[in-house]
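What follows is a short report on a single structure.
The values are calculated or read from the model by the stated rules, or taken from the named source; none is laboratory data. The structure presented is a predicted model; accordingly, all values stated were derived computationally and were not measured. When we count neighbours, we look across all protein chains shown, and the Cβ atoms used for this are built from the backbone with ideal geometry, even at glycine.
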Amino acid sequence: MFSHADPKPQRSTAVSPRFERRPPGDIHALPDTLHPVVRRLYAARAVTAEQLQLEAARLQAPTTLRGIDNAAALLADAIADGRGIVIAGDYDCDGATGTAIAILGLRALGAREVHYVVPDRFRMGYGLSPGLAELAAQTGATLLVTVDNGIASVDGVARARELGLQVLVTDHHLPGHALPAADAIVNPNQPGCTFVSKNLAGVGVMFYVLLATRALLRARGAFDGGPNLAELLDLVAIGTVADVVRLDYNNRILVSQGLARIRAGRARPGVQALLQVAGRDPAQLTASDLGFVLGPRINAAGRLDDIRTGIDCLLATDFETALSLARRLDQFNRERREIEAQMRDEALVLVEDSDAAGVCLFDDGWHEGVVGLVASKVKDRLHRPTIAFARAQDGGLLKGSGRSIPGLHLRDALVLLDARTPGLLHRYGGHAMAAGMTIAESDYETFAQAFDAVCMELLDDDTLARIVHTDGELGESELSLETAHALERAGPWGQGFAEPLFEGRFRILDYRVLKDRHVKYRLAHSSGALGAIHFDGVEQLCDGGWLHATYRLGINRWRDAESLELYVDDVWRS
């Protein structure tokens, strides 16, 4: 039996978790034709029988998205008049995929001239700034469409309209005190929007706008059926998972449909090329691969260089062009990993003795494009809201990227901080779990103290505890390749629809350390031996006896062979 008390986990500066098993739920509400383990997992996640159906026809209709009719009319009129449209995108994976589907979808709907602009993260920063609006106007377009940004771009929208552009904002971020004076806004999180799924990523919002535009053009007699917009769902799935939005029922449909296209070999050439350079078989792709294999390679261009490389890869119409761009993205990702590893190690030294409720970090040698990843690593380590800063190219400024923990809404915390210390934050925005901001370098210590004070006020012992929800133990017969296959088919798993995490106690046959960081175990099993890998697990190394662990069930595929493998999260000594 797995122990929830003693023995204590062997950790260094990381916060010890408290484990709680998910309530079992009502398995009788689900069909008994499901794999028994899958049935238990679905019941524990309150999945209904109806939610097992992931067909595209079950997507929520676009009609309840506030502003969707105005948005469709703007686009349909521009298409009918043959006017130019310019997409203002963002420099992360959600923004890149959203920009790509906007261009591909509008072209398929009959737009003759579609351009795109994206901000240089190092010079312009996030969103539709006045400078980006001026760049958009230079394309000669008359309609500007933001993707994955714009809801907080009051000045940028105003500048675009001064320049004679109509502006359609499509976004999913939380709005500020004032909405931009756009011609239309589509955002499920804007006041008065009754769309049930508030968790659409930016790419998902743009997909819905395309659906509404096709419906309007069809009603106007532009075509009988119109283009098959489902061909864009591979990109919608990638952007949705990579942006770590909650996989509610509607998002699970989007991701499931996109995954099905990729697995069937019907993905865009750019997606196929990225999978080839990553050495992944499309037929075996999982939702986690979208976030950990494809997303980082697309993101790497925006972090280190220019996200247009990623967008152009997704837009490529032939495999050879896509492959050349995918190789560049893969190289960017390798460089990003090296930079991140060094910054992460430096950050962990900085927080070794930290007792702050809200953690701030800064080093004058850190890379601006990677600080968000460092903040995420430290947040996971300490289970504290964390903001990492780097020196901006603009003299005297620091740009920060923050990550939060359940129980503290990061953007709301920044709103409170801004109200109490006006002028300290030059600019900020984001989500509950992630946010970006700009401050003066001279104000760093003041900001760090203010952020810690706000976090101390908003957090309590329960939220500061690192609670890990598990799905209990697997029986000896359930610990099998068959179960692992069933779990793969049962997804997509992800944020808000947690990948199954099990508990177990195993006898260690032997182990070896890989690259001074990871631990590969060979464990006793009824079939003889079972492999387990604990990434970054050297600090929790168990060198003999019994291994208590939380783990995910996986499949190790090598050439034409498959074997069961455990992916360990946390370990205990007997």
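Within the set L274, L285, the sole residue that is crowded, with 24+ Cβ neighbours inside 10 Å, closer than 21 Å to P492 by Cα and under 19 Å from the mean Cα position of the chain (by Cα) turns out to be L274. Would you please name the residue that is surrounded by the fewest Cβ atoms within 10 Å (Cβ to Cβ), looking only at residues in the range 305-329 that are more than 19 Å from V114 (Cα to Cα) and small (G, A, S)? Selected residue: S324.
The residues on offer are L408, L350, L397, and the sole one that is surrounded by fewer than 22 Cβ atoms within 10 Å (Cβ to Cβ), on the phi < 0 side of the Ramachandran plot and touching an Asp or Glu at 6+ places or on another chain (Cβ under 7 Å) is L397.
This table checks each residue for (1) among the polar types (S, T, N, Q); (2) buried (at least 20 other Cβ atoms within 10 Å of the Cβ); (3) closer than 30 Å to R246 by Cβ; (4) not assigned by TED's automatic domain parsing to the domain that holds P36.
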| site | (1), (2), (3), (4) |
| --- | --- |
| A486 | no, no, yes, no |
| H534 | no, yes, yes, no |
| L541 | no, no, no, no |
| Y551 | no, yes, yes, no |
| L566 | no, yes, yes, no |
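Taken together, the residues in the range 520-574 that are assigned to a strand (DSSP E or B), farther than 25 Å from Q284 by Cβ and either in contact (Cβ under 8 Å) with a residue 40 or more places away in the chain or of a type in the set (S, T, Y) (or both) amount to 7. Restricting attention to the range 44-58, the residues being in a loop (DSSP other than H, G, I, E, B), among the charged types (D, E, K, R) and surrounded by fewer than 16 Cβ atoms within 10 Å (Cβ to Cβ) number 1. Residues that are under 30 Å from R39 (Cβ atoms), part of a loop (DSSP other than H, G, I, E, B) and acidic (D, E) within the range 421-476 comprise D471, E476, listed in sequence order. In this structure, does V186 turn out to be in contact with a strand residue (DSSP E or B) (Cβ under 7 Å, 6 or more places away or on another chain), of a type in the set (V, I, T) and under 30 Å from S129 (Cα atoms)? Yes, satisfied.
Given V468, V454, which one is closer than 23 Å to Q495 by Cα and of a type in the set (A, V, I, L, M)?
Residue meeting the stated conditions: V468.
Within the range 488-511, restricting attention to residues that are farther than 18 Å from R45 by Cβ and touching a Leu at 6+ places or on another chain (Cβ under 9 Å), the residue that is surrounded by the most Cβ atoms within 10 Å (Cβ to Cβ) is F506.
Kindly establish whether E445 is more than 17 Å from A357 (Cβ to Cβ) and not assigned by TED's automatic domain parsing to the domain that holds M124. Against the criterion (more than 17 Å from A357 (Cβ to Cβ) and not assigned by TED's automatic domain parsing to the domain that holds M124), E445 does not qualify.
Residue-wise test of (1) out of contact with any strand residue (DSSP E or B) (no Cβ under 8 Å at 6 or more places or on another chain); (2) farther than 22 Å from S197 by Cα.
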residue: P62; (1), (2): yes, no
residue: L65; (1), (2): no, no
residue: A72; (1), (2): yes, no
residue: I85; (1), (2): no, yes
residue: L109; (1), (2): yes, yes
residue: R112; (1), (2): yes, yes
residue: M124; (1), (2): yes, yes
residue: L144; (1), (2): no, yes
residue: S153; (1), (2): no, yes
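Restricting attention to the range 279-289, which residues are of a type in the set (A, V, I, L, M) and in contact (Cβ under 8 Å) with a residue 60 or more places away in the chain? Passing the criteria: only A287.
Looking at the structure I just gave you, is P24 more than 30 Å from N299 (Cβ to Cβ), of a type outside the set (G, A, S), out of contact with any strand residue (DSSP E or B) (no Cβ under 8 Å at 6 or more places or on another chain) and at pLDDT below 95? For P24, the condition - more than 30 Å from N299 (Cβ to Cβ), of a type outside the set (G, A, S), out of contact with any strand residue (DSSP E or B) (no Cβ under 8 Å at 6 or more places or on another chain) and at pLDDT below 95 - is met.
Return the residue satisfying two criteria in turn: it lies in the range 223-246 and is out of contact with any Asp or Glu (no Cβ under 9 Å at 6 or more places or on another chain) and at pLDDT below 95, and of such residues it is farthest from L52 (Cα to Cα). Step by step, filter the range 223-246, then rank; the result is F223.
Taking the criterion of being over 17 Å from A549 (Cα atoms), touching a Leu at 6+ places or on another chain (Cβ under 9 Å) and among the hydroxyl-bearing types (S, T, Y), the only residue of the range 457-479 that qualifies is T463. Only one entry of A100, A61, A72, A96 meets the criterion of being surrounded by 24 or more Cβ atoms within 10 Å (Cβ to Cβ), more than 22 Å from R268 (Cβ to Cβ) and not basic (K, R), and that entry is A72.
Filtering the range 59-71 to residues that are part of a helix (DSSP H, G or I) and in contact with a helix residue (DSSP H, G or I) (Cβ under 6 Å, 6 or more places away or on another chain) leaves P62, I68, A71.
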